[in-house]
């Protein structure tokens, strides 16, 4: 995105006042998926506190004189504590800075944006939230997998594959999710996938149900592994794929055979009716 775009916006951006904090979603990775409001905020901020999923191409849109502070959290690696990040936002705002807290995806979708905002409220700091395209939306779209599709699902469930302690959340009701949600989209689930796959199978999901792992979603090095629930643990181990990843479980994954538009750009032949093709194979 050329910075000159920001000079011709068809709307007046909100005033980014000194002493305030904007919690901004940077989207799933592709800089083209930034909102105009996010790009505007980047151009006005004095300090940008960004996380591990924000790429360099996005940071290039920052105010040239802005201070960039890394505050990323990655599993298994030394990371800033959440309390310290929140305190940093408060201290910077009290110093009269225009503070941009830049998060991958959307701040309020498994981004702990709510926790940071409540810390600001506690300290009397004014804030604004700028939504972003969550990886569970943008990543699936770039993989050619629709979140909803008539005849497959009218509901979808989003869940996280690990809690604050780094383990699979114990409060997840796998039985209820398996019964009630034809399509399940999981964030941060790859590390604990063997346990999650076992839980889904134990809750009644079919071993032949399609599963897709979308790594580095929306970026040039995006990779997608299509498998089944029964084969997913072995296939994932053999693939050598690494996080970050979005995991999708459900019949919607089959539609990738017809909707993989990125694959089509590289020569993949798409199928007009993937579900019909699957039914024909089963009948044969």
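The values are calculated or read from the model by the stated rules, or taken from the named source; none is laboratory data. Values in this document were obtained by computation on a predicted structure and should not be read as measured data. As a convention, Cβ positions derive from the backbone with ideal geometry for all residues, glycine included, and neighbour counts pool all protein chains shown.
Go over the candidates 75, 96, 132 one by one and state the one that is at pLDDT 95 or above and within 30 Å of residue 249 (Cα to Cα).
Details: 75 fails: at pLDDT 95 or above; 96 fails: within 30 Å of residue 249 (Cα to Cα).
Only one candidate passes the filter, namely 132.
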The range 41-62 - residue that is crowded, with 23+ Cβ neighbours inside 10 Å and in a helix (DSSP H, G or I) and, of those, nearest to the chain's Cα centre (by Cα): 58
Give me the helices (runs of 4 or more DSSP H) completely within the range 195-267, filtered to those with at least 2 residues that are within 20 Å of the chain's Cα centre (by Cα), surrounded by fewer than 16 Cβ atoms within 10 Å (Cβ to Cβ) and in the same structural domain as residue 140 (by TED's automatic domain parsing), ordered by residue number. 261-265
Go through the range 219-245 and count every residue that is without any contact (Cβ under 8 Å) to a residue 12 or more places away in the chain and out of contact with any strand residue (DSSP E or B) (no Cβ under 9 Å at 6 or more places or on another chain). 4
From (1) in contact with a strand residue (DSSP E or B) (Cβ under 9 Å, 6 or more places away or on another chain); (2) within 26 Å of residue 22 (Cα to Cα), pick out the condition that doesn't hold for residue 124. (1)
Please go through the range 88-108 and pick out each residue that is in contact (Cβ under 8 Å) with a residue 24 or more places away in the chain and in a helix (DSSP H, G or I). 88, 89, 90, 92, 93, 94
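Of these, 170, 151, 166, 161, which one is buried (at least 19 other Cβ atoms within 10 Å of the Cβ) and in the same structural domain as residue 270 (by TED's automatic domain parsing)? First the steps, then the outcome.
Working: 170 fails: buried (at least 19 other Cβ atoms within 10 Å of the Cβ); 151 fails: buried (at least 19 other Cβ atoms within 10 Å of the Cβ); 166 fails: buried (at least 19 other Cβ atoms within 10 Å of the Cβ).
Every option except 161 fails the conditions.
Identify, please: which residue in the range 111-144 is at negative phi and in a loop (DSSP other than H, G, I, E, B) and is, among those, surrounded by the fewest Cβ atoms within 10 Å (Cβ to Cβ)? Talk me through it step by step, then tell me what you get.
If we filter the range 111-144 for residues that are at negative phi, which is where we start, we get 111, 113-123, 125-143.
Next, only the ones that are in a loop (DSSP other than H, G, I, E, B) stay: 111, 123, 125-126, 131-134.
Values: 111: 21, 123: 14, 125: 18, 126: 12, 131: 18, 132: 29, 133: 23, 134: 24.
Among residues in the range 111-144 that are at negative phi and in a loop (DSSP other than H, G, I, E, B), the one surrounded by the fewest Cβ atoms within 10 Å (Cβ to Cβ) is 126.
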